[in-house]
Amino acid sequence: MSTVRALQEPAPPSHDHAFFGHPRGLSTLFFTEMWERFSYYGMRALLILFMTATPAAGGLGFDTGTAGAIYGLYTSMVYMTTLPGGWIADRLIGPQRAVLFGGILIACGHFSMAIPSLSTFYLGLVLIVIGTGLLKGNVSVIVGRLYGPADERRDAGFSIFYMGINLGAFLSPLVCGYLGQRVNWHVGFASAGVGMVFGLVQYVRGRKYLGDAGARPADPGSPEALTRQKSEAARRIGIAGAAIFLFGLGALSGVIPVTAAQIADAAGYGLLVLTVAFFAWVFLSSGWTRLERNRLIVILVLFLGYALFASAFEQAGSTLNLFADRNTQNSVFGASFPSSWFQSANPLFIIAFAPMFAWLWVRLAHRKVEPPSAAKFGIGLVLVGAGFAVLVPAAALGRNGVLVSPMWLTVTYLLHTWGELALSPVGLSAMTKLAPVRIGGLVMGVWFLGLSAGNYIGGRVGGLYESFPLPSLFGAVAAFSIIAGVVMLVFARPLHRLSGDAA
């Protein structure tokens, strides 16, 4: 066997059915992602509540504008860093090590936030962002590599993996939210770190079942090329890491006079510039066929639709979290519960309704009446807008000091979940169908860019909670989403034809 062949990953065995008919390594990745999502959503359920709580209540005492800016910056960067995280795995350390190092950084970030100081709070956010960038995308890459190219179990394997995500997201607000709001904020953050440690322990113990799937960086063709690739990647990472460290040190020490809100503003402009630059580069590039260029137009429209959807949907952790805490009667049959428990509604509804939506699309496709991708996007936008429309009368009651029934938010989260199921899985599938082969990876990265932009906007909208009349704020989000959804529905058929009936 040549040295070059030794660098290549062998095909995974097709006879491994140890985990519900799937490779045993899937169980390792299922629980890794479950605990990572446990840590992420557990901390997210507390984040804006902790920032806006008064110092007397153990919080930071930020106004909602500052808290919304920080929240939006954090949640957008979590997804933005999946791009460099994937690059580091491909060029330097391989996906398996990226997941391990990412999990360690995430746990350190949560434990840093468990220390009551502003510096450790910001340090924790940075560590979680970097760690999630290394882990989030690469763990999915390894799932795919557990299966051979012709293995029919692949889609079902990802469905099982997706359930792990939602199981962690469901459990975490119940545990971390209770500890954070009823015991101590920092105990809640620490519990998120403990969850990530559980994930790391079982990942290390079960890593042997992954075999060679994602064990090495991408093979450039020869050992010499691999050495050059690693050296160049290490050099670039060192430069970027040093720049981030020096900037952070300067900001914390006051040498660089910058506020968190100013950093968030700069990040927003950066997202806009990056988006415009990417699509300008794509459309100005030569060599596209007419069909490819038409499909790129469809990708741009779907990208905008997804960013708009995410900007409303991702307010679950900002605007809706504040509404649950300040304007909702958090009790059922006389038993009170922490406001952060509402964050478990969406994953619970996903677990309940995802099989129904999967059955529905298959049924409609069998009857040849399945709506095109853009129509499903329109449905998702209308539903997320309807969720906010439900809250307009509730917000009007809350403005008069009334604590509204928890059913208002429950219905909102139900509508939002239906919208997510109509749009998110469909969007991922559409990107794989529409993307020209030579930029397929970039287009998937841009999909995460849409999620990043939506998270950023959702956080900034949350910053308007105290400065904008709440019924008007919810009404504006509802109207904008519903109008965008109707426009998408109107143009669904023309976009379908433009894509060559591909999506």
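The values are calculated or read from the model by the stated rules, or taken from the named source; none is laboratory data. Quantities reported herein were computed from a predicted structural model and do not represent experimental measurements. Backbone-built Cβ (ideal geometry, glycine too); neighbour counts: all protein chains shown.
Sub-9 Å Cβ pairs linking a first residue in region 306-331 that is surrounded by fewer than 24 Cβ atoms within 10 Å (Cβ to Cβ) to a second residue that is among the acidic types (Asp, Glu), at least 6 apart or interchain, are 322/466, ordered by first then second residue. Scanning region 45-56 for residues that are part of a helix (DSSP H, G or I) and touching a residue at least 24 places away in the same chain (Cβ under 8 Å) yields 45, 46, 47, 48, 49, 50, 52.
So if I check each of 109, 124, which one is modelled with pLDDT of 90 or more, touching a His at 6+ places or on another chain (Cβ under 7 Å) and not β-branched (Val, Ile, Thr)? Write out each step before concluding.
Numbers: 109 fails: touching a His at 6+ places or on another chain (Cβ under 7 Å).
It is 124.
Taken over region 328-342, the criterion of being touching a helix residue (DSSP H, G or I) at 6+ places or on another chain (Cβ under 9 Å) and either part of a loop (DSSP other than H, G, I, E, B) or β-branched (Val, Ile, Thr) (or both) is satisfied by 328, 329, 330, 332, 337, 338. Residues in region 349-363 that are among the aliphatic types (A, V, I, L, M) and closer than 14 Å to residue 424 by Cα were compared, and the one that is farthest from the chain's Cα centre (by Cα) is 358. Just one of the listed residues (405, 452) is of a type in the set (Ser, Thr, Tyr) and closer than 23 Å to residue 69 by Cα, and it is 452.
Conditions (1) at pLDDT below 95; (2) surrounded by 18 or more Cβ atoms within 10 Å (Cβ to Cβ); (3) in a loop (DSSP other than H, G, I, E, B), marked per residue:
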{"site": "450", "(1), (2), (3)": "yes, yes, no"}
{"site": "459", "(1), (2), (3)": "yes, yes, no"}
{"site": "467", "(1), (2), (3)": "yes, no, yes"}
{"site": "471", "(1), (2), (3)": "yes, no, no"}
{"site": "485", "(1), (2), (3)": "no, yes, no"}
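In contact with a strand residue (DSSP E or B) (Cβ under 9 Å, 6 or more places away or on another chain), assigned to a helix (DSSP H, G or I) and touching a residue at least 12 places away in the same chain (Cβ under 8 Å) - does that describe any residue in region 160-176?
Yes.
Residues of region 377-399 that are free of Cβ contacts under 8 Å to residues at least 40 places away in the same chain and either basic (Lys, Arg) or not in a helix (DSSP H, G or I) (or both): none at all. Taken over region 136-170, residues that are touching a helix residue (DSSP H, G or I) at 6+ places or on another chain (Cβ under 6 Å) and within 30 Å of residue 340 (Cβ to Cβ) amount to 13.
For region 140-159, give me each residue that is assigned to a helix (DSSP H, G or I) and either farther than 20 Å from residue 429 by Cβ or polar (S, T, N, Q) (or both). If the condition is that a residue be assigned to a helix (DSSP H, G or I) and either farther than 20 Å from residue 429 by Cβ or polar (S, T, N, Q) (or both), then 140, 142, 159 are the ones that fit.
Would you check if residue 264 is at pLDDT 75 or above, under 20 Å from residue 456 (Cβ atoms) and surrounded by 12 or more Cβ atoms within 10 Å (Cβ to Cβ)?
Numbers: at pLDDT 75 or above: yes; under 20 Å from residue 456 (Cβ atoms): yes; surrounded by 12 or more Cβ atoms within 10 Å (Cβ to Cβ): yes.
Here the answer is yes, as residue 264 does meet what is asked.
Could you tell me whether any residue of region 402-418 is in contact with a Leu (Cβ under 8 Å, 6 or more places away or on another chain), of a type in the set (Val, Ile, Thr) and outside any helix (DSSP H, G or I)? Yes, region 402-418 contains a residue that is in contact with a Leu (Cβ under 8 Å, 6 or more places away or on another chain), of a type in the set (Val, Ile, Thr) and outside any helix (DSSP H, G or I). Of all the numbered requirements in (1) outside any loop (DSSP other than H, G, I, E, B); (2) farther than 26 Å from residue 322 by Cβ; (3) in contact (Cβ under 8 Å) with a residue 12 or more places away in the chain, residue 494 misses one, and that requirement is (3). Scanning region 395-418 for residues that are closer than 12 Å to residue 478 by Cβ and either at pLDDT below 95 or under 18 Å from the mean Cα position of the chain (by Cα) (or both) turns up 395, 416.
Restricting 241, 188, 206, 193 to those that are in a helix (DSSP H, G or I) and touching a Gly at 6+ places or on another chain (Cβ under 6 Å) reduces the list to 188.
Answer yes or no as to whether residue 325 is assigned to a helix (DSSP H, G or I), of a type in the set (D, E, K, R) and within 26 Å of residue 411 (Cα to Cα).
On the way: assigned to a helix (DSSP H, G or I): yes; of a type in the set (D, E, K, R): yes; within 26 Å of residue 411 (Cα to Cα): yes.
Yes; evaluated as a whole, the condition is true for this residue.
The residues listed here are 86, 68, 59; of these, the one that is surrounded by 21 or more Cβ atoms within 10 Å (Cβ to Cβ) and either touching a Ser or Thr at 6+ places or on another chain (Cβ under 9 Å) or without any contact (Cβ under 8 Å) to a residue 12 or more places away in the chain (or both) is 68. Scanning region 179-188 for residues being in contact (Cβ under 8 Å) with a residue 24 or more places away in the chain and surrounded by fewer than 17 Cβ atoms within 10 Å (Cβ to Cβ) gives a total of 3. Tallying residues that are over 27 Å from the mean Cα position of the chain (by Cα) and under 14 Å from residue 93 (Cα atoms) within region 213-233 yields 9.
Within the option set 316, 310, 345, being out of contact with any helix residue (DSSP H, G or I) (no Cβ under 6 Å at 6 or more places or on another chain), under 30 Å from residue 51 (Cα atoms) and either among the small types (Gly, Ala, Ser) or not in a helix (DSSP H, G or I) (or both) holds for one residue only, 316.
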